[in-house]
Amino acid sequence: MHLVYPVVIAAVLFSVGVYGVLARRNAILVLMSVELMLNAVNLNLVVFDMRWADRLHGGQVLTLFVIVLAAAEVGLGLALVLLIYRNRQTVDVDRLRTLHEDREEGARQ
Amino acid sequence: MSTADIVILALGVVAIGSGVMVVSTRQLVHAALWLVVSFGALAASYVVLAAEFVAWVQVLIYVGAVVVLLLFGIMLTRAPIGRSEDLDSGNRIVAIITAAATAVVLVTTLVRGFRDAYFPLKARVGNGSSSVIGAGIFRTWVLPFEALSVLLLAALIGAIVLSRSDIGPEQAEPEPTPPARPRSRPPGPLARRKPRGADDEDTIVISRIDEGA
Amino acid sequence: MIVLAAVAVLLPFAAAFIGMIFGPTISHLLTPLARRLRRSVPPGAANGRARTLARRLPANGPALVAVLPVAASTVLAAVVAVAQWQHPRPRTGTLTVVRTGGIPFGLSLEVDGTAAVVALLVCCVALAVQIYSVAYMRDDPRYSSYAAFVSLFTAAMLLVVLSGDLLALYVGWEVMGVCSYFLIGHYWHDRATSRAAVKAFLVTRLGDVGFLFGIFVLGLAAHSFEIGTVLGRVPSMSHTTLVAGTLLLLCGLAGKSAQFPLHTWLPDAMAGPTPVSALIHAATMVAAGVYVVARLYPAFLFAPAALAVLGVMAAISMLGAALAALAQDDLKRVLAYSTISQLAYMGGGLAVGTRDGALFHLLAHGAFKALLFLGAGCVIVAVGSNMLSAMGGLRHTMPVTFWSMTVGFAALAGVPPASGFFSKDTILSQAWHATRPEHTQAWFASTPLNSGVQRLTVSVPSVPTWTAWLVLAAGLLTAAVTAAYATRTWLVAFFGERRSATGAGEATGLMRWPVAVLAVPALVIGFLGLGSDELRPELGMTLVSLLFVVAGAGAVFLVWNRDPALDPVRLLGPARPFLRDGFRLDAVYDVLVVRPLVALAEMVVHTDERAVDAAVVGTGRGTRRLGGLLRRTENGNPQTYISGVLAGVVLIVLAVVVLT
């Protein structure tokens, strides 16, 4: 089996996830895009595990671990999103701008 | 090009296509559903790659749990059902350029690196069975596994603490009419605001400091 | 015996520190004792003075701490001097040799005849001044620090006199300088006083730099800083080294001994307390320059160029300062200018080759100038003003001061038989000798120099004849002018009408007695010189100089006699303000040195503000402006941030891929 096909699929899927993270406004959609990126990585791990086929099966085991981590991440992420929603009544990422530089304060210095 | 290659390519097209739909659809719920399709296609790819245990775990956790969780999130944040035009932020052009650049770099590198890489898939059958993986996890990787379980517990507790409003630091009751816009700093210096009362010393002091600064 | 000398140096040194730190405490402790003492004195008019003493002295801790060690030092110096007189040979003692990277220097003392006598003079004057100050500075709240500084000064001067090592000598030299600064600036709250102190410090410092380098030149050439060794190796040094070293030493002399062109600090230094003027700016410190040159005289003998420079310097200072003294209105400034003039006599004596004559004049001048200054202090206290115009007719109200100062003025003017007559005429006689070269040669050969040089057989280069003529002419003219201003001051202050309304009475005993006692040496010290050949003035020269003295004094007396109420100096007419300002040298220096320096300093400040500071501030502003550009990107949108991060990662990967 040619190694390039699954690997290229994983790369493209990862890029799609990158686009989603950068372009989507809704926090839940951002989370979904993160899941896409994680899955692309998983595909890579499985493919290379099959290629080397060593005794430890590190690739597949790590895939399982990543799946578990993704689940935990989604749980926490959603909790955060809900908290933000409860406080701000919005989950739009580009409207959460508390981090921005205070213009007046900067000008006064 | 073997059969497996063709199947993988087809599944890959499905996965990528549905992924594109996830990041481009105008309906939130549809995005979650396209995510199911994408995950399913990936699970099928795992099967083709002879990693059946990982495939089932993928189906169980991603399709079964994560997507459901996401749907719950959509509902709890009272997202609009149906088409909404403002799901993309103003960062879209930058996002397209960055993603395209990422894709170009990754694909070029991978293709140039693995142009001649092949592996015998038939010889790998059985490598992904549950007995092999189980043995691997509980023999070789048992310590990371246990650490991961602790992490999972921590994430669980964290999620509970975050999402329950009656735990955590004492916070004031939410205002009767929460503002629609996110709260930000008041637009002008404090001094411009009228003191609430003439004898309200705090306000006076603040305004003095502000004038002096 | 060298131990006694060392103790004599250390006693005032210890007294300075103890007085500075514990002086008031001692007063505090002594007060009950004094009370008991007063009770023990039986009442009665006869015991009035004893009662006063009992009331004043024991309770004054700083005064005790100041006077007693100096008195002890005086006794020790007298013992040393007597021993040196009976067995004249140089005695040296080294406490320790400090090893440096290069030439080691030693903490050593060297006592020879000259040093012993000068040390005795220093101690006597210091003792007189300390006793006098107890009364003069009675009401000064900072008497304690004043007395401590006078003690410290005494110790430093003794170190200069007795030191056997050039670097140790320089230490004493600098300590004297700083004591002078503090004592001139004793009334620092007065702006003019503090300026005078700073001026004195800076001007003498200018000379001190040259002096230090002169020490270096000589010490490096001799590979030793020990005075005896340096002098012993003088004949083997190159002529250039000697001329350079001695000229640099002359800078120190010009600064410390207030010779032209660095003399301008001395008249201003009269802003300090009068006893300080007596001690530092008349009798001792200013003499240190002359003393050091005398100490290192063999080195000068081998560098006639330096002696010629010294002669010219002395001639200018001598006559110029005497003329300036003639025109002064301030009693203390008269004495200050006369000090410059008399020190120039000593310098002139050194220039024409009579080291012993110069030292003789140094001793005589130390005695009569201290006397004059202390007497002037009495007069000033009585009259309440420094101005001559406020004095007059004091001879009846202050008889002791009058007679003492009469002796002092006679010595200053060179009227026989006072001391100044002998010492000045010794110098003039020697100058006359020096105008005839064949005599000079013989004179040098017979002059007993320092021990290390006595066995010299090399013929010593002679002093240029024209220098001798210059010194002789200036000396004779100065004798006339000196007699004129001494007579004028004496007449205006003590004769004629009383000009001040304040009741001028005699000063207190503690002030009066030191003056009276100092009159004795001022009168008789001249006869000591008759015992030796070198110090005996020649009859012919004596008559000539006496002629000049009589001319100067007589002219002033005749003018004064015409109208005793007026100042005889009025005859100088339009030249008087010019002379009074010391030939306007201060103005010249102001234009030549001070203003360019101030302008330079302002330019530096300006550059600092406009260029250096502006660069720093500009860097800050530029950075902030650049930061302002970057601040635009801080819009608070995390998606922008992540875009940047990912784009950066892609770029880095791209770079890695392309470059490798």
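The values are calculated or read from the model by the stated rules, or taken from the named source; none is laboratory data. No experiment lies behind these values; they were computed from the predicted model shown. As a convention, Cβ positions derive from the backbone with ideal geometry for all residues, glycine included, and neighbour counts pool all protein chains shown.
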Lone unmet requirement of (1) under 19 Å from A:N44 (Cβ atoms); (2) more than 7 Å from chain A (Cβ to nearest Cβ) for B:V150: (1)
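State all residues of the range B:15-31 that are more than 7 Å from chain A (Cβ to nearest Cβ) and either outside any helix (DSSP H, G or I) or buried (at least 21 other Cβ atoms within 10 Å of the Cβ) (or both); if no residue qualifies, say none.
Within the range B:15-31, the subset more than 7 Å from chain A (Cβ to nearest Cβ) is B:17-18, B:21, B:24-27, B:29-30.
B:S18, B:T25, B:R26, B:Q27 - these are the residues of the range B:15-31 that are more than 7 Å from chain A (Cβ to nearest Cβ) and either outside any helix (DSSP H, G or I) or buried (at least 21 other Cβ atoms within 10 Å of the Cβ) (or both).
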- prompt: Which residues, taken from the range B:62-83, are buried (at least 18 other Cβ atoms within 10 Å of the Cβ), assigned to a helix (DSSP H, G or I) and not aliphatic (A, V, I, L, M)?
  reply: B:Y62, B:G73
field: Any hit, the range C:263-278, residues being under 30 Å from C:V234 (Cβ atoms) and touching a residue at least 60 places away in the same chain (Cβ under 8 Å)
entry: yes
- prompt: Would the range B:129-136 turn up any residue that is facing another protein chain (nearest Cβ under 7 Å), farther than 25 Å from A:I9 by Cα and outside any loop (DSSP other than H, G, I, E, B)?
  reply: yes
- request: From the list C:G392, C:G377, pick out the single residue that is touching a residue at least 60 places away in the same chain (Cβ under 8 Å) and in a helix (DSSP H, G or I).
  value: C:G377
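For the range C:161-193, name all the residues that are outside any helix (DSSP H, G or I) and either closer than 14 Å to C:Y146 by Cα or out of contact with any Ser or Thr (no Cβ under 6 Å at 6 or more places or on another chain) (or both). Can you show your working first?
Going residue by residue through the range C:161-193, those that are outside any helix (DSSP H, G or I) are C:163-165, C:188-190.
Once the filter is applied, which keeps residues that are outside any helix (DSSP H, G or I) and either closer than 14 Å to C:Y146 by Cα or out of contact with any Ser or Thr (no Cβ under 6 Å at 6 or more places or on another chain) (or both), the range C:161-193 yields C:S163, C:W188, C:H189, C:D190.
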message: For the range C:58-68, give me each residue that is closer than 15 Å to C:L510 by Cα, modelled with pLDDT of 55 or more and not in a helix (DSSP H, G or I).
response: C:N60
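When the range C:342-366 is examined, which residues are found to be among the small types (G, A, S) and not in a loop (DSSP other than H, G, I, E, B)?
C:A344, C:G347, C:G348, C:G349, C:A351, C:G357, C:A358, C:A364, C:G366
Determine if the range C:352-369 includes at least one residue that is small (G, A, S) and at positive phi. Before you say what the answer is, go through the steps one by one.
So in the range C:352-369, the residues small (G, A, S) come out as C:353, C:357-358, C:364, C:366-367.
After this cut, where a residue has to be at positive phi as well, the list is C:353.
Yes, that holds for at least one residue.
Does B:V37 satisfy the criteria of being assigned to a helix (DSSP H, G or I), more than 10 Å from every other protein chain (Cβ to nearest Cβ) and in contact (Cβ under 8 Å) with a residue 24 or more places away in the chain? First the steps, then the outcome.
Working: assigned to a helix (DSSP H, G or I): yes; more than 10 Å from every other protein chain (Cβ to nearest Cβ): yes; in contact (Cβ under 8 Å) with a residue 24 or more places away in the chain: no.
No: the conditions fail for B:V37.
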field: Single residue of the range C:248-261 satisfying the filter (crowded, with 19+ Cβ neighbours inside 10 Å and more than 12 Å from the chain's Cα centre (by Cα)) that is nearest to C:A324 (Cα to Cα)
entry: C:F260
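For the range C:184-208, enumerate the residues that are among the acidic types (D, E) and surrounded by 19 or more Cβ atoms within 10 Å (Cβ to Cβ).
C:D208
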- prompt: For residues in the range B:41-61 being at the interface with another protein chain (Cβ under 7 Å from one of its Cβ atoms) and free of Cβ contacts under 8 Å to residues at least 40 places away in the same chain, which is surrounded by the fewest Cβ atoms within 10 Å (Cβ to Cβ)?
  reply: B:I61
query: Of the residues in the range C:220-249, how many are under 18 Å from C:L109 (Cβ atoms) and not in a helix (DSSP H, G or I)?
result: 3
task: Output the residue which, of all residues in the range C:465-498 that are surrounded by fewer than 19 Cβ atoms within 10 Å (Cβ to Cβ) and touching a Gly at 6+ places or on another chain (Cβ under 7 Å), is nearest to C:I316 (Cα to Cα).
output: C:F495
- prompt: Can you name the condition, by its number, that C:I652 falls short on among (1) within 17 Å of A:S15 (Cα to Cα); (2) surrounded by 12 or more Cβ atoms within 10 Å (Cβ to Cβ)?
  reply: (2)
message: Need the failing condition index for C:A504 against (1) surrounded by 13 or more Cβ atoms within 10 Å (Cβ to Cβ); (2) at pLDDT below 80; (3) in contact with an Asp or Glu (Cβ under 7 Å, 6 or more places away or on another chain), just the number.
response: (3)
message: List the helices (runs of 4 or more DSSP H) inside chain A, counting only whole elements, that have at least 2 residues being at the interface with another protein chain (Cβ under 7 Å from one of its Cβ atoms) and either of a type in the set (A, V, I, L, M, F, W, C) or on the phi > 0 side of the Ramachandran plot (or both).
response: A:4-23, A:27-52, A:58-88
task: Might you check whether a residue that is crowded, with 24+ Cβ neighbours inside 10 Å, hydrophobic (A, V, I, L, M, F, W, C) and touching a Cys at 6+ places or on another chain (Cβ under 6 Å) occurs anywhere in the range C:153-173?
output: yes
- prompt: B:G90 is checked against (1) within 30 Å of C:G648 (Cα to Cα); (2) more than 7 Å from chain A (Cβ to nearest Cβ); (3) not in a helix (DSSP H, G or I) and fails just one. What number does that condition carry?
  reply: (2)
- prompt: Within the range C:19-42, is even one residue modelled with pLDDT of 75 or more, out of contact with any Cys (no Cβ under 8 Å at 6 or more places or on another chain), within 26 Å of C:F225 (Cα to Cα) and surrounded by 16 or more Cβ atoms within 10 Å (Cβ to Cβ)?
  reply: no
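Each row is one residue, and each column tells you yes or no for (1) at pLDDT below 90; (2) within 14 Å of chain A (Cβ to nearest Cβ); (3) surrounded by fewer than 11 Cβ atoms within 10 Å (Cβ to Cβ).
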| site | (1), (2), (3) |
| --- | --- |
| C:L600 | no, no, yes |
| C:A611 | yes, no, yes |
| C:T619 | no, no, yes |
| C:G622 | no, no, yes |
| C:R625 | no, yes, yes |
| C:G636 | yes, yes, no |
| C:Q639 | yes, yes, no |
| C:G648 | no, yes, no |
| C:T660 | yes, no, yes |
